[in-house]
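Encoded as structure tokens, here's the structure I'll be asking about.
The values are calculated or read from the model by the stated rules, or taken from the named source; none is laboratory data. Values in this document were obtained by computation on a predicted structure and should not be read as measured data. Quick reminder, even Gly has a Cβ in these numbers, built from the backbone with ideal geometry, and neighbours come from all protein chains shown. These area figures cover heavy atoms from the full protein model, side chains too; ligands, DNA and RNA do not enter into them. Shrake-Rupley method; radii C 1.70, N 1.55, O 1.52, S 1.80 Å.
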Amino acid sequence: MKTSTCMIWLPADHRQLGDGEVKSPALVLSEKYAHAVKLGALAQPVLFPLAEVEQIPELLAMVHGVLLTGSPSNVHPSHFDEEVADASLPLDAQRDQLTLALVKACVQNSVPLLGVCRGFQEINVALGGSLHQQVHAQEGMMDHREPAGVSLAQQFAPRHEVRFVPGSKFAQWAGASSAVVNSLHGQGIKQLASGLRAAGFASDGLIEAFEVEGAHAFACAVQWHPEWHFWENLFYSAIFSAFGEACRQRQQHMMKDR
């Protein structure tokens, strides 16, 4: 498929939407991620509804990068050998099935990959790491969840500091040794997967950013939400700008190979 447009794949969530007991299956993508790709990465966001694991190779050949978005749902704990701790929290087994395989394919094939919140957790689990299902229940850990009953602007407001590893890409993008970020997650990294390098930490020690070691293309992820009003935050904008540039480099290589 020949194209002059840089395209980034955003896998959708599987949800039941509707009023009361009348609900129907829906594929959902939060608009803020599409805006961040379109205006921050300067690329075209694309969806492949009902994509299956077997289709990953042919679909990756049509795009120049992958953004794994955040979501209300959690990665199912069976993927890191645990039982569900809180059955009231949403899960998305269909997304898990696709994205955990997609992560491995991106890393193996040098496809630029950016993970945000759930996407951050998906990358860690896909590569063999594990998660705290309830960070706030761990001794010495902060409550990283967003406040309830407030506006979106308040939920996505800066919440806590993240300290960056000197020399990491995140320190470069932030232009500083730390930054204050938003925080809207209940799960968090318990065991970092082999092959991932921690690049940012909250004050309680929780890993908030990592890079894939030895990756031949952009391969980074964050626990916070840089897509939220990225245009107002130079650090957040730098993340999407670098991701978009990596995707355009893949696009150029793909065009030369044809």
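Each residue of region 128-138 in turn: what ³J(HN,Hα) in whole Hz from Karplus with 6.51, -1.76, 1.60 and θ = phi - 60°, glycine and Pro shown as x?
x, x, 10, 10, 6, 6, 9, 4, 5, 8, 8
Set the Förster distance to 22 Å, then compute FRET efficiency between residue 245 and residue 216 from the Cβ-Cβ distance, nearest 0.05.
Details: r = 15 Å, r/R0 = 0.68.
It comes to 0.90.
Once amide H atoms are placed 1.01 Å from N in the peptide plane, what residues at a sequence separation of 5 or more from residue 196, or on another chain, have their amide H within under 5 Å of its amide H?
213
How far is the Cα center of region 26-60 from the Cα center of region 161-208, in Å?
Result: 25 Å between the Cα centres.
Hey, in the GNM for the chain with a 10 angstrom Cα cutoff, which one of 17, 59, 68 fluctuates hardest?
Between 17, 59, 68, it is 17 that shows the largest mean-square fluctuation.
Moving on to the next point. Just to compare against my own numbers: the Cα pair-distance distribution for region 90-133, 5 Å bins, whole % per bin, please.
6, 21, 35, 27, 8, 3, 0
Oh, and also: Could you report region 201-243's accessible area per residue, 1.4 Å probe, as an integer in Å²?
For region 201-243, the solvent-accessible area averages 35 Å² per residue.
If the cut-off is 13 Å between C-alpha atoms, which aspartates and glutamates fall inside it for residue 169, apart from same-chain ones fewer than 8 positions away?
Cross-link targets: 211, 213.
Using each residue's phi in region 245-253, evaluate 6.51 cos²θ - 1.76 cosθ + 1.60 at θ = phi - 60° and report the 3J(HN,Hα) Karplus result to the nearest Hz, with x for Gly and Pro.
Couplings: 4, 5, 5, 5, 5, 5, 4, 5, 5 Hz.
Something else: 5 Å is the cut-off here: which amide hydrogens, built 1.01 Å from N in the peptide plane, fall below it relative to residue 210, excluding neighbours closer than 5 in sequence?
Close amide H contacts, sequence-distant or interchain: 199, 221.
Amide H neighbours of residue 117 under 5 Å, at least 5 residues apart or on other chains, H built in the peptide plane: list them.
Here the answer is 222, 223, 224, since their amide H atoms fall under 5 Å of that of residue 117.
Same structure again: If you average 1/r across every pair of different Cα atoms in the chain and take the reciprocal, what Kirkwood value do you get, in Å?
So the Kirkwood estimate lands at 18.5 Å.
Hey, what's region 81-195 come to in accessible area per residue, 1.4 Å probe, Å²? Each step should come with its number before you reach the end.
Numbers: 5390 Å² over 115 residues.
Per residue, region 81-195 has 47 Å² of solvent-accessible surface.
Among all the lysines, which ones have a C-alpha under 25 Å from residue 256's C-alpha, if same-chain residues fewer than 8 places away are not counted?
Qualifying lysines at Cα under 25 Å: 2, 38, 104.
Here is a follow-up. Please list 3J(HN,Hα) in residue order for region 187-193, calculated via the Karplus relation 6.51 cos²θ - 1.76 cosθ + 1.60 where θ = phi - 60°; whole Hz, with x for glycine and proline.
8, x, 5, 9, 10, 6, 5
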